[in-house]
Amino acid sequence: MSKKKQPTYEELQKRISELEAIIENQQKIDSQKSDDYYKRLFRNVNVDFAINEIIYDKENNPIDFKIIEVNRSFEESTGLKSEELIGKKGSEIFPNTEQYWIDMFGKVVQTGKSATYEGYSLVLNRYFELKVFTANEGEFAFLSSDVTEKRKAIKKMEEAKVHFELLFELNPDAVVIINFSDFTITNVNSGFCQALGYKKEEVIGQTSQQLNIWESKDARNEILHQLNENGYCSNYEANFRRKTGDIIVVMVSAKIIDINGTKNILIVSRDITLKKKFETALKENEKLLKTSQKIAGLGSYKLNIKTGYWESSEILDSIFGIDASYDKSIDGWAKIIHPDWREIMINYLQNEVIGKKQKFNKEYKVIRQTDLEEIWVHGIGELQYDTNGNLLYMSGTIMDITNRKRNEIIIQNQNSELRKLNTTKDLLFSIIAHDLRSPFNVLINSNDVLIEYLTNEDISEAKKWSSIINRISHQTLDLLENLLDWYKLESGKLTPTISTYDLKSIVEEITPLFTENASIKDIKINNHIIDSCLVHFDKNFIKTVLRNLINNAIKFTPNNGTISISYKKHNTEFEIIISDTGIGIPKEKISSLFEYNFDKTTTGTSNEQGSGLGLNLCKELIELLGGKIWVESIINKGSTFHFTIPITS
């Protein structure tokens, strides 16, 4: 084998130079990678980060700073890009920056000591925490965090603390805070001091046992037991001993709470001594009340609003006709009330008494449960509340006022009848004075004229005036008969006397009465009832109805008209029909046609007058017989009146 050739010195030097170049190049690459890593870290850190150069005045006082480098978070906070920030003065970017920030930066640069500051930026209207430290000479860097929300949270906590302290101190009830571990009192409010007669400094650091506050150890132990079981205790009645030794009755509520990581007991006690005295006095008054009720026959009750059940005295049970086993609930009370009054009284209790907090004061009807007798009672009640304003119950009395109500109803009915009779009497006198005076005056004057023509032997004129007198006399007689029938109806003296009559004969008896009046206007009356027809009715009632309807037909039928009378037989009733060829009735008047109308009567085709009584009288008479009446009419063609009579009496 041949020997390997050794490199010359020059070759070695060249190779060493090449290696050194390679190593130097790799070091540059490694350095560049390291710079890139730290730049990325600087850019992406999730807090505002900036490197700045401090600027001094001639006296070497810090007056401003120049931004050298910023990260992405800083850009986002300011809303500016790095190229808009780098190289700019702080006063250019933040023209209203407070001087104390500049002084703070200058102090860190001059001393070289890092510092943490928290302050308010008027420019940004935010609170910031700055960690400031030196970089190169004359430079400083800071990490900035927005602590505005943190400051708000702290402020809310401080306000809540003040609010709690105000509530604690101003609460009129006795409030005490006790350390759960050793049961020493850590704080009390003025309500506690006022209720038990102690000063704050006398009780803080003491236990309730040392102060001998609890009259009964059992009550204290029961509250502690409930606290251990449930974490709270509500409305427990107990007796407290005041500093003077007096005993007061309190309603105790307690709860385990956490204060600054320490377990405590919050106890709120309400003094109900006065209320208990009232309750005791009420029991004594109830004994006296029972004796008074027995003497007066007045029942009493007490309704518990929360449960809906009521208690009652023996007298009230007797009034309602119930015993001790009866369901004494609001539903049970509703069952006693008369059906006509049930909904009224339930709404009255719920809406007027409880809803509007009014006194119960009502007369109403009930049904006794033992004998189902309907009686009237007068109930009175007062609502009672606890010291918190919660509605507890309603207590009151109920009196049987049946006899008084019956007498009142009799008197009311008599007064109503009397008023009705007086009204009827006044109307009757008014009609007599108005509607009868005119025809009688006409009769007297016409008779004078007739006598004059007879004296002069002017027979033709005498016959004419004789016919006028005859017509007016019949009209006046009809009016008088209607008035008498109407008065009897209104005064309750007109009652039907039912018998069996032949409708045909009744019509034949009536129609001749109108022959002369009809002939004056050449009106023909056709009676189509040609067969006997036996019907049950009051003869005078039907004659009055027929007389008024036929007379009305003549009145509103022009000369040479026709009036027809017919009937139909149905399963349960007869229908009588009177039709005419008159002027008809406007639609708007039909609805009120059968009402009394004394003031507005319609004049006939020959100026015939009426009283406004006839059609209403017909309606009342037909209804008394169990029938009905109606009309159909067409203007200028005529009207048809129908009325029915039941077949059976």
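The values are calculated or read from the model by the stated rules, or taken from the named source; none is laboratory data. The shown structure was predicted, so the numbers you read here are calculated from the model rather than taken from an experiment. Backbone-built Cβ (ideal geometry, glycine too); neighbour counts: all protein chains shown. When the accessible area is computed, the model is the full protein with side chains, heavy atoms only, and any ligands, DNA or RNA have been set aside. Shrake-Rupley method; radii C 1.70, N 1.55, O 1.52, S 1.80 Å.
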Quiz item: When you scan segment 227-245, how many residues do you find that are more than 24 Å from LYS276 (Cα to Cα) and either hydrophobic (A, V, I, L, M, F, W, C) or in contact with a strand residue (DSSP E or B) (Cβ under 8 Å, 6 or more places away or on another chain) (or both)?
Solution: 3
Quiz item: What are the pairs, 6+ residues apart or on separate chains, where a residue within segment 505-532 that is more than 28 Å from LYS464 (Cβ to Cβ) has its Cβ under 8 Å from a residue that is modelled with pLDDT of 85 or more and among the charged types (D, E, K, R)?
Solution: ASN527/GLU508; ILE529/LYS504; ILE530/LYS504; ASP531/LYS504; SER532/ASP502; SER532/LYS504
Quiz prompt | Single residue of segment 97-133 satisfying the filter (aliphatic (A, V, I, L, M) and open to solvent by less than 40 Å² (accessible area, probe 1.4 Å)) that is farthest from the chain's Cα centre (by Cα) | solution = VAL109
Quiz item: Taking into account only those residues within segment 51-65 that are open to solvent by 40 Å² or more (accessible area, probe 1.4 Å) and touching a residue at least 60 places away in the same chain (Cβ under 8 Å), which is farthest from LYS107 (Cα to Cα)?
Solution: ILE51
Quiz prompt | Qualifying residues in segment 66-96 (those that are assigned to a strand (DSSP E or B) and in contact with a helix residue (DSSP H, G or I) (Cβ under 8 Å, 6 or more places away or on another chain)) - the one surrounded by the most Cβ atoms within 10 Å (Cβ to Cβ) | solution = VAL70
Quiz item: Is it true that ILE554 is out of contact with any His (no Cβ under 6 Å at 6 or more places or on another chain), of a type in the set (Val, Ile, Thr) and part of a strand (DSSP E or B)?
Solution: no
Practice problem: Give the residues of segment 330-343 that are loosely packed, with under 14 Cβ neighbours inside 10 Å and farther than 17 Å from TYR301 by Cβ, sorted by residue number. | Solution: PRO339, ASP340, GLU343
Exercise. Enumerate the pairs (first residue in segment 164-186 and closer than 16 Å to ASP271 by Cβ; second residue anywhere and among the aromatic types (Phe, Trp, Tyr) and modelled with pLDDT of 80 or more) with beta-carbon separation below 9 Å, excluding pairs fewer than 6 apart on the same chain, so at least 6 apart or on different chains.
Key: ASP173/PHE192; ALA174/PHE192; ALA174/PHE240; VAL175/PHE192; VAL176/PHE192
Exercise. Can you confirm whether segment 203-214 contains a residue that is open to solvent by 30 Å² or more (accessible area, probe 1.4 Å) and within 45 Å of the chain's Cα centre (by Cα)?
Key: no
Exercise. Among the numbered conditions (1) over 27 Å from the mean Cα position of the chain (by Cα); (2) within 19 Å of ASP400 (Cα to Cα), tell me where ASP340 comes up short.
Key: (1)
Exercise. Just give me the residues in segment 559-588 being open to solvent by 80 Å² or more (accessible area, probe 1.4 Å) and not in a strand (DSSP E or B), in sequence order.
Key: ASN559, ASN560, ASN571, THR572, LYS587, GLU588
Practice problem: Output the number of the condition that MET104 fails; it satisfies all remaining conditions of (1) assigned to a strand (DSSP E or B); (2) at pLDDT 85 or above; (3) not aromatic (Phe, Trp, Tyr). | Solution: (1)
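Tell me the helices (runs of 4 or more DSSP H) entirely within segment 246-356 that contain at least 3 residues that are touching a residue at least 40 places away in the same chain (Cβ under 8 Å). Steps first, please.
Numbers: elements: 273-296, 314-320, 330-336, 339-347.
By residue number, 314-320.
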